[in-house]
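The values are calculated or read from the model by the stated rules, or taken from the named source; none is laboratory data. Because the structure is a prediction, the values reported are computed rather than measured. Cβ sites come from the backbone with ideal geometry, for glycine too, and all protein chains shown count toward neighbours. What goes into the accessible areas is simple: the full protein's heavy atoms, side chains included, and nothing from ligands, DNA or RNA. Shrake-Rupley method; radii C 1.70, N 1.55, O 1.52, S 1.80 Å.
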Amino acid sequence: MVSIFILSILAAALTFDTYYRSRVSKDLCASTFRAVIWSLDNWIENLKSFYRLGSHFLDDFLDRIYLFFEREPDATDQRIEEEFQKILGTNATLANWYLINPLGIIERTNYATDIGVDLTEKASYWKKLQSLRVSEKHFDPLTYEVRTGNPRFYSYIKLSNGYLFELGFSIPREQLDQLVKLLDNLKRQFVFITEISIYNESLAPVLPTFKVTDVDREYFLRLDNQPFIVNNIGEWKQAIYGKWTPKDLPVGFNIKIQMDLSTFSSFKKHLLWVLNITILVITMFSILIIYFTTKKIQQMIDGVVSHLTNSSQIAQKTGIREIDFLVEKYDELVKNLNEQLKLKEEFTLILKHNIEERDKLQQKLEKLALTDELTGVYNRRAAISFLSDYLKDLTSKLSVCYFDVDHLKLVNDRLGHLCGDKLLSHVVDIVKEHVRRSDLVARFGGDEFLIIFPHTSKEQAQSVLDRIVQNLQREKPECLKNFDISISYGLVEIDPDKPADVDQIIKLADERMYNQKKEKQGQSPHSNFESRERFDQSP
């Protein structure tokens, strides 16, 4: 009885503690986290209404600025300021613009004190900004000016010339004072909350008093898609790590809430003692019932054994042989069943492996069906399919470029098909480097290619093609070092008010490409083309 009681107490304590941590403590953490987030949402709503900011507003502003620089890449500070005032309106008094060169230096701005600031001094932050692709955006929820330490919202977009355009909104100190007051009120309302810390997506503290440790960084990285996770830093101390994404803002924050639940310890101990006493009473009562019940069963067994001992012949005829026969048949049945289960398991493994191989092969075939093997871009079939889809739901201008690589046959004949393949790959690499992620590049066959520019006018597409042509001679393959690489192209703009089908568009672009090629007839692809021997000796 003592052994059973001790085991019961241990099991009860373990079960109670597990239940307490999984339900009571977890539910308390969840409700606390939701209450903090609700309070912060109210604060950020006041901040958003102060600026009239939202994800749509910031996205639209950066898109319009990007198009402005595409139209006027050499705009003066005055023209930039005029466009800035035009887009922002009354909000312009709260904001500043910056142009950051590819070396990370603020080169131009309407906030004179920041001229010459070097963003590379914050290596991890600059690395994130430097990795942006052309027309890609980045939003910071809250950070500080490098020189003054004043709080600001910052947004960025990568321009086609490699520069970064930065938009900064100043945040009055009284807004952060309200945040400090809000956090103090929360700690008074929830007596077990000892600290609330807020960081931006880069884990930079929103207030200077907030500190972030390596342990904090590790737990923030574990969040993934979870709303929050709990770290038990002591018997009654816990830290909640979670994400806070305000509505209608393209940014998010990281939240850390530290709690001390030692006030609940006495309640837990009293409840556990009540449970232990209850277990003791139930155990004693159960043991008494078991004792009297087993005593009666033992008497019945003793009677059966005595009968079998005194009547061995009867027992042998009516009991043992038949039982042995049943046991033998049962063992045989279990053996057959185990063999069948083993065969089923082996067949299941083989079937699973075959299904996985089939899925991999199907994925590979789907990719091959849409991709050009040499250049890695889409093939003719994919290009026609995508262009057809664009034309079905066309709401803005669409530009299509049809181009071919000049003198590919000449390269194949004189330098070999391997060098010709390198020529095609080089041209495709230059094209992919200068188009946007939303643009589509496809090989139409041989030396002919197609570029689809969604939401793009003919003038904007022409600007991209000019940069491609200017960069074709850069970093050429060794076998083409004495060869002038060029392309001939035809450009077509499709207006949503004047629809056209795929065949008409490709035919018109092909005709324009052919006309440009005719104009270039007679031009030599090689600076010393008269010397056949020297050309043939190129590696």
*Looking at I9, is it buried (at least 16 other Cβ atoms within 10 Å of the Cβ), modelled with pLDDT of 85 or more and part of a helix (DSSP H, G or I)?*
no
*Test E136 against the criterion of being among the acidic types (D, E), under 26 Å from V435 (Cβ atoms) and in contact with a helix residue (DSSP H, G or I) (Cβ under 9 Å, 6 or more places away or on another chain), and give yes or no.*
no
*If you take the residues in the range 440-458 that are outside any strand (DSSP E or B) and of a type outside the set (K, R), which one is modelled with the lowest pLDDT?*
G446
*From the set of residues in the range 403-418 that are surrounded by fewer than 17 Cβ atoms within 10 Å (Cβ to Cβ) and among the hydrophobic types (A, V, I, L, M, F, W, C), which is modelled with the highest pLDDT?*
L418
*Among R534, R437, which is at pLDDT below 95, part of a loop (DSSP other than H, G, I, E, B) and open to solvent by 40 Å² or more (accessible area, probe 1.4 Å)?*
R437
*Collect the residues in the range 116-130 that are without any contact (Cβ under 8 Å) to a residue 12 or more places away in the chain and open to solvent by 80 Å² or more (accessible area, probe 1.4 Å), keeping them in residue-number order.*
K127
*Return the pairs, sorted by first residue and then second, in which the second residue is open to solvent by less than 90 Å² (accessible area, probe 1.4 Å) and among the β-branched types (V, I, T), the first residue lies in the range 273-289 and is more than 13 Å from I9 (Cα to Cα), the beta carbons are less than 9 Å apart, and the residues are 6+ apart or on different chains.*
S286/I4; I287/I4
*Could you list, in sequence order, all residues of the range 40-62 that are surrounded by 15 or more Cβ atoms within 10 Å (Cβ to Cβ) and at pLDDT 65 or above?*
L40, W43, I44, F57, L58, D59, F61, L62
_Suppose the filter is under 27 Å from the mean Cα position of the chain (by Cα) and free of Cβ contacts under 8 Å to residues at least 24 places away in the same chain; does D413 pass it?_
no
